[in-house]
Amino acid sequence: MIWLVFALLVSGVLAALLYPLLKPGPAPTAADFDAVVYRSQLAEVEQDVERGYISPDLADAARTEIQRRLLSADRQIAAPSSNRRARIVAAATITVVVPLGTWLLYSAHGDPGLPGQPYAYRLKHDPAVMAAVATAKLAVELRAQPSGIGYMQLGAMYAAARDYAGAADAFEHAVSLGQENSTAWSDLGEAIVLANGGAVVPQALKAFVHSLSLDHLEPRARFYIGLAQAQIGNDRQAVAIWRDLERDSLMNAPWLPLLEREIGAAAARGKFDPRSVPPVAPDLNALNAAIARMPAAQPSQ
Amino acid sequence: MTAEIGLFALVLALFVAAIQSAVPLIGAARGEASWMAVARPAAMALFAMVALAFGALVWVHVTSDFSVVNVVENSHTDKPLLYKITGVWGNHEGSMVLWTFILALYGLAVALFGGNLPPALRARVLSVQGMIAFGFLLFIIETSNPFLRMDPASVNGYGLNPLLQDPGLAFHPPFLYLGYVGFSMAFSFAIAALIEGKVDAAWARWVRPWTLAAWCALTLGIAMGSWWSYYTLGWGGYWAWDPVENASLMPWLAGTALLHSAIVAEKRDSLKAWTIFLAIVTFSLSLLGTFLVRSGVLTSVHAFATDPARGSFILILLGLVTGASLVLFALRAPALQGGGVFAPVSREGALLFNNVFLATAAATVLLGTLYPLFSDALHLDKISVAAPYFNATVPPLIAPLILVMAAGPLLSWKRGDLKGALERLKFAAPVALVTIIAVLLLAGWHDAWTAVWMGLAVWLFAGTFTDWAGRIGLFRTPFADAMHRARKLPRSIYGMSLAHAGLAIALIGIAGSTSWQSEKLLVMHPGQTASIAGYDVRLDGIADNVRGPNYSATRATFVASRGGSIVATLHPERRLYDNPPEPKSTVGIHTNFVSDLYTVLGESDGKGGVAVHLFHNPLVPWIFFGAVLMVLGGAVSLSDRRYRIGAPARKPGIEAPPVLVASVPLVIPWRKLLRAWQYLLPVAVFVVLIGFFVFRLHQAGEGETPNLVPSVMIDKPAPHFDLPPVLAGLPGLRSEDLKGRVTLVNFFASWCAACRIEHPYLSQVSAAGIRLVGVDYKDKPVDARAWLGALGNPYQAVGGDRNGTTGFNFGVYGAPESYLIDKNGVIRFKQIGALTPEIIRNQIIPLAEKLK
């Protein structure tokens, strides 16, 4: 289909370009373009005299000047020729250069196999767009009729679409609407961390502390609290918290590889043996006190 | 598929342009009629292909096809349809396609309506147009492909800058481009005539309507742009001498000069070389504007995404177009014989006077616009070349112009009767004097300049009226007779009168608004009243969260009254757009067509009050009326029958002997050139200018961003300091520590919001092997510790600059700021504001690599 359009375009253009070469009009006759202008200038002078815009002697001078131009123009009449061989050379060149050049340059830049994606079509057929629309619809519904469970779902949808700021906002609504459980708080904290490019900012820390206060074994909160320690340079404390988490995890817990990698990295930074650090559970009282000392957090995008 | 068809059409158009530039030109040189005849269908095919590409681009924007990068970057599904369409040219790639589309449109117009042009001239004109189109198409395809695809397609777009979501902006660029690109016609005619070696009165008549059309469009475009800036930017003004505004003013000044010198060339066969030169210069200034806006050489509020690669391409294009044409001019101009002679006091003399002053004004604006570049590159002291420079230099150049403008049309050709002309102005002179005295009496001596300008404007208006009245014999002949003559007066005369009167009205507006603007900046609470220029403005209320199609706004309601009776209700807003979430204010204006009451809503003070900026702008509407009148004048003149002379009737049977069409062979007249060295002067000046641009572009590529805040500390040793530690485990910071390693010194503070934004990216600096140290600027150590505890500490050392002394010595304006310091302790780079991943990746890391 697209190839047919391309072919039509090229042939249309070629037809237009070749027409004057293959079917030349009658040999042009001597036509005096300059003289037309000068004669109309003469006529204008006559008109101006008639209406009294210029005096007769000025008009005379103007007439003489224009007539002189008219005379010299008459001497320059030229009629071009038309040569059959020249026409064929030009036609052949055009026929080769235009399609070939277009094809080569287009292939370097174009992507003919990629179909167009009008939004109206994608609304019905593209899962990513459909999810985005469903998310937006749910967000509107929730604004009219807020529900904690609904906001949990919305947060998960935002997170799946990697809109972490939106997710954090939704989870925040969820916890304020009664979803007071450790998972919701950890979801909120994690969304805030991801929205901040991986930095465990005070709001996130607060969420994880909340999560732990509801369930002191919540693994995600423990992991991120450790990460917060690592991010301010307290590598030993970080490893202590992570080793505590490691000890409580089942053998097949999905987070174990990540945890081991982080422990290794922190130990390498601090140049100590991770096994020399005894596992310690996060100290909620100390964390709460630290949070209380932090300046009021700015909302971040 | 639509996007691919658009790209294919662009590429096909490139090759059509190649054929259009080569075949007819060779045909004209060799007298081969069929080759010359290729020009017309080629121009039509070029237009069809570019129109198809433009249509495809509009289509992908309207249907929100997010597989096209350009749509993703500049559109969003929530955007109203109008701005989906106008967003097509609200970005670099799309605006270049529009540029080329208009170029092709002019080519089509010559192909269709150029029947009165000699075939050889038409073939050459279209050939030159083809060359310009070729250059721009290649530029678009190679550096700014608007149909670049992405797979998988994005879910939605990033939206469009809210400033651009406005009808005034939506429609002024097309008119500006119609103007800029329209001057390419005069340029093509000039080059065609130079190649042919024949410039005569007939040529001048052929070129005039095209120049006039371009001039009308450019005038309208500038007026609309300035109107847009007046009512959307909310600063109470309409012209800021911004580089981009200057870029449109320069071709306008040169184009106005061209329009007038072409009259002399047409009527008297004189000033021909000068007219050709102006045609080249006008279009070159249009191209220069394009180059300045898109290359990153100058920064401006209007600047599109700038990119040195694009800059180099346009620079090469500019060099080829202007350089080649100036060389051609230098070769050919000495051979152009001057036509009729004229006395200094004559219509020609007045028009020449006009030309000299307009050209000087254009040169002055050019110098002022480029000066920051020169001073920056050559490390001269910064002299502010902003508004004060232009306000001091341009008006004195325009004033004598206005003085002569009233008299010029009254003078006759060849030898004018100055006494007679002045005698006829015996009505205008007293009126102007009375105006000056009245203004002085009403406004006082400190407004002497305003009085002079008002007087000049009235002088021009009265002089124009005198000229018109004299032509129709008003007051001399019976009224009915005069009316009869008025109907018979050629439209070009009416056009001139309207345009000159329009300028007079615009001048009154400019002089009045500049001197008599009053403004008030205050905090108001609902119910309070402020008075300005006789108006009482009451803040009735403030409504939050007013929803628009794709924004929510805080809207204030002001009720303006005068002498107790209510005049108007105004609604300025502060909007926050959804996508991207950017703020914009809209202005509430009440106009009575003489003056404007102009209200801007500022930030809330948090205690129930809002900052309010009130302006009273007298006579501003007159500027726009005047501009519209000028455009109208141009349009009326354009419709004059004289420009619609048809093609000569064919005279069958009279076969003239075939003669080579290029009657003057292109042989370099060395001897003549040596005698006429002044024609080489423009080439020399241009070579210097281009050399300078190349140097500047190179600097921009190296990461030196010109024209930003002065870089006084760059290439100077970092100041001495010794700062105490902030974090318990980390050392403090002394200037001696900077020696020996490339270091980035980052000034931050716990109170600074932007520092929080840049913070996550700081680790990229140390990851690249650059030592990163922090200076805690004007901050309490305990706050800084908490802040670093919360966000993480990326620094290898942190010093506390509690009272800001070290920051002062560095020249810190505010946190965050970062300084890259080389091994010897010399500052090499300064970033004001937050670091972004792009700045770190593209500027800091490459520079640090070099310094190692």
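At a glance:
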item: Neighbour-limited loop hits for trypsin sites (Lys or Arg not before Pro), the stretch B:451-500 (at most 14 other Cβ within 10 Å; DSSP other than H, G, I, E, B); result: B:R476
item: Beta bridge orientation in the protein assembly as shown: antiparallel %, DSSP, nearest 5; result: 85 percent
item: Shape metrics for the protein assembly as shown, restricted to C-alpha atoms - Rg then Dmax, Å; result: 35.5, 116
item: Crossing angle, helix B:347-377 versus chain B [Cα axis fit, 0-90 degrees, rounded to tens]; result: 20 degrees
item: Chain-alone versus full-assembly comparison, the stretch A:221-253, residues with accessible loss of at least 20 Å² (1.4 Å probe); result: A:Q231, A:I232
item: Value of relative contact order over chain B, rounded to a whole percent, pairs C-alpha under 8 Å and six or more apart; result: 10 percent
item: Under 19 Å from the Cα of A:K206 - aspartates and glutamates, other chains or at least 8 residues apart; result: A:D169, A:E172, A:E180, A:D187, A:E190, A:D215, A:E218, A:D283, B:D783
item: Overall dimensions of the stretch A:198-301 as given by Cα atoms, namely Rg and Dmax in Å; result: 13.5, 40
item: Kirkwood-based Rg to Rh ratio, the stretch B:115-268, C-alpha trace; result: 1.08
item: Size of the B/A contact, given as accessible area buried on both chains, probe 1.4 Å, in Å²; result: 7100 Å²
item: The stretch A:162-193-the stretch B:61-103 distance, computed between alpha-carbon centres (Å); result: 36 Å
item: Averaged over A:103-110, number of beta-carbon atoms from partner chains that fall within 10 Å; result: 6
item: Accessible area expressed per residue, the stretch B:106-189, with surrounding protein chains retained (probe 1.4 Å, Å²); result: 27 Å²
item: Chain B: Cα Rg divided by the 2.2 N^0.38 Å rule of thumb; result: 1.07
item: Under 5 Å, built H, 5+ apart or other chain: amide partners of A:I232; result: B:N793
item: The stretch B:516-621, dipole about Cα centre (Lys/Arg Cβ +1, Asp/Glu Cβ -1), debye to the nearest 20; result: 120 debye
item: The stretch B:506-554 versus the stretch B:813-852: alpha-carbon centroid distance in Å; result: 42 Å
item: Partner lysines for B:K272 [C-alpha distance under 27 Å; skip if fewer than 8 residues away on the same chain]; result: B:K198, B:K414, B:K672
item: Shielding of B:15-27 by partner chains, average beta-carbon count, 10 Å; result: 4
item: Virtual paramagnetic centre 7 Å along Cα→Cβ of B:L112, amide N under 14 Å, in the stretch B:55-77; result: none
item: Evaluated over the stretch B:734-852, the Cα radius of gyration and Dmax, each in Å; result: 13.0, 38
item: Shape box of the stretch B:516-621 [Cα atoms, principal axes, largest first, Å]; result: 41, 31, 21
item: Beta bridges by DSSP in the stretch B:775-852, antiparallel share as percent, to the nearest 5; result: 60 percent
item: Over the protein assembly as shown: helical MRE at 222 nm, DSSP H runs n ≥ 4 each giving -39500 (n - 2.57), nearest 500; result: -19500 deg cm²/dmol
item: Set A:K271/B:K778; B:K739/B:K778; B:K419/B:K488; B:K84/B:K830; B:K584/B:K850; B:K780/B:K830 screened for pairs whose C-alpha atoms are more than 30 Å apart; result: A:K271/B:K778; B:K84/B:K830; B:K584/B:K850
item: Folded to 0 to 90 degrees: helix B:448-472 orientation relative to chain B principal axis, Cα; result: 30 degrees
item: Cleavage-rule hits (trypsin sites (Lys or Arg not before Pro)) in the stretch B:759-824: DSSP loop, at most 15 neighbouring Cβ within 10 angstrom; result: B:K823
item: Under the span-like rule (Cα at least 27 Å along the axis, Kyte-Doolittle mean at least 0.0), DSSP H helices of chain A; result: A:2-22, A:84-109
item: 0 to 90° range, to nearest 10: angle between helix B:201-232 axis and chain B longest Cα axis; result: 30 degrees
item: Accessible carbon and sulfur surface of the protein assembly as shown relative to its total accessible area, %, 1.4 Å; result: 64 percent
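The values are calculated or read from the model by the stated rules, or taken from the named source; none is laboratory data. What you see is a predicted model, and the numbers here were worked out from it, not measured in a lab. Ideal geometry is used to build each Cβ from the backbone, glycine not excepted, and the neighbour counts take in all protein chains shown. Ligands, DNA and RNA are excluded from the accessible area calculation, which covers all protein heavy atoms including side chains. Shrake-Rupley method; radii C 1.70, N 1.55, O 1.52, S 1.80 Å.
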